[in-house]
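Everything below concerns the one structure shown next.
The values are calculated or read from the model by the stated rules, or taken from the named source; none is laboratory data. Here the structure is a predicted model, which means the values were calculated and not measured. Don't worry about glycine lacking a Cβ; one is built from the backbone with ideal geometry, like all the others, and counts go over all protein chains shown. All accessible areas refer to the heavy atoms of the entire protein, side chains included, with ligands and DNA or RNA removed. Shrake-Rupley method; radii C 1.70, N 1.55, O 1.52, S 1.80 Å.
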Amino acid sequence: MESTSPEIHSGVSAKCRDNKVEELWSLTSFFGYRTQTFVQAVNLLDRFLTIMKVQPKHVPCIGVCCLHIAAKMVEEESNVSPTHELIRISQSRFTVSDLSRMEKIISEKLCVDPNVVTALTFLHLYHSAIASLLAEREEIPSIGRLEAQLKACLCRLVFSKAKPSVLALSLIAQEFEALQSATLLKIIQQFQKHLRIGDSELLHWKELVAKCMIEYHSSECNKPDNKKLVWVVSRRTAQSLQTCYFSVPGLPTIPEMSWDESDSEDSCEDLTSGEDSPCGSLGSDGEGAFFPSSFHNCAEG
């Protein structure tokens with residue numbers, strides 16, 4: 001789904017913004033940050049791009065900086081990635097000092113409030129209220145599934161124009177209509193009436209949410225969580241890594257039935273932990289699903 005607005009501000013296109021948000025989602029998943037961190041980062045990014053004249057070349061630094069600010073507000077201090085690690089994993093070209101300067105600028109221009117109300121805030125309020133009203137009489141979509149849908153929507157600029165309360169209600173209403181539950185739909189109508197949301201407004205955003213979900217379910221969609229980190233290295237470095245891989249010594253085989261306690265000391269001397277090898281064991285980046293497994297299970301059901 002293409003965003004309807006060509007630009008947020010002069011010089012920054014909707015596509016540029018959307019691509020950066022998708023990258024922030026990938027980084028959020030890589031570092032194990034919470035959904036709230038991602039939502040806060042997108043909120044900061046959109047607000048900053050709206051009030052400031054920004055050149056496209058500065059968007060990568062702004063985006064990563066917004067994620068770092070959000071992580072420090074939401075995550076435990078021990079879980080916040082160091083700035084140099086964040087820059088390295090995001091494969092950005094700016095420095096730690098650049099990120100620090102940008103963080104100061106963003107903090108000065110925006111009201112950085114960890115308790116800012118977002119669509120995620122309303123999503124949790126609605127879900128808790130519905131669960132309380134139903135008292136487990138009916139099964140409702142999990143909050144994880146709804147959060148995944150919200151993250152998908154936030155990757156499109158058009159949803160930044162929606163009121164947080166309306167976007168959250170549209171997500172839940174779209175899910176409840178698929179369940180065809182009269183009780184659930186009645187609760188949605190009560191919420192809608194209490195919040196004074198017009199029928200046409202709710203219908204408009206429900207249709208956009210449904211369209212977004214269809215596109216993100218399609219095989220053509222390049223989903224953020226399905227992206228593996230791609231490291232760009234020189235030919236010399238690649239050759240060095242390949243040589244290093246083949247030079248890792250193999251571990252000796254330990255016979256299961258021929259263990260002799262008298263030889264245990266000598267046997268231990270033959271075993272190595274690999275600490276003397278030129279490099280450690282090769283790691284791999286997990287390829288997670290765009291939506292959690294519970295989402296796919298519910299969708300298939």
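Here are the numbers for this structure:
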| read-out | value |
| --- | --- |
| Linear extension gain, Glu85 paired with Lys104, 0.36 nm per residue minus alpha-carbon span | 4.9 nm |
| Heavy atoms of Arg156: accessible area, 1.4 Å probe, square angstrom to 10 | 40 Å² |
| Modelled FRET efficiency - R0 51 Å, His58 with Ser181, Cβ distances, 0.05 increments | 0.60 |
| At 1.002 mPa s and 20 °C, Stokes D of the stretch 1-116 from Kirkwood alpha-carbon radius, µm² per second | 151 µm²/s |
| FRET E, pair Lys161, Leu134, Förster distance 35 Å, beta-carbon r, rounded to 0.05 | 0.65 |
| Spin-label zone in the stretch 185-217 - amide nitrogen under 11 Å from a point set 7 Å from the Cα of Thr121 along the C-beta vector | none |
| Using alpha carbons only: equivalent-ellipsoid semi-axes of the stretch 136-187, gyration tensor based, whole Å | 22, 12, 8 |
| Protection proxy ranking, peptides 41-51, 89-99, average beta carbon neighbours within 10 Å, highest first | 41-51, 89-99 |
| Cα principal axis extents for the stretch 63-222, largest first, Å | 56, 36, 29 |
| Per-peptide average of other Cβ atoms within 10 Å, ordering 211-217, 61-67 highest first | 61-67, 211-217 |
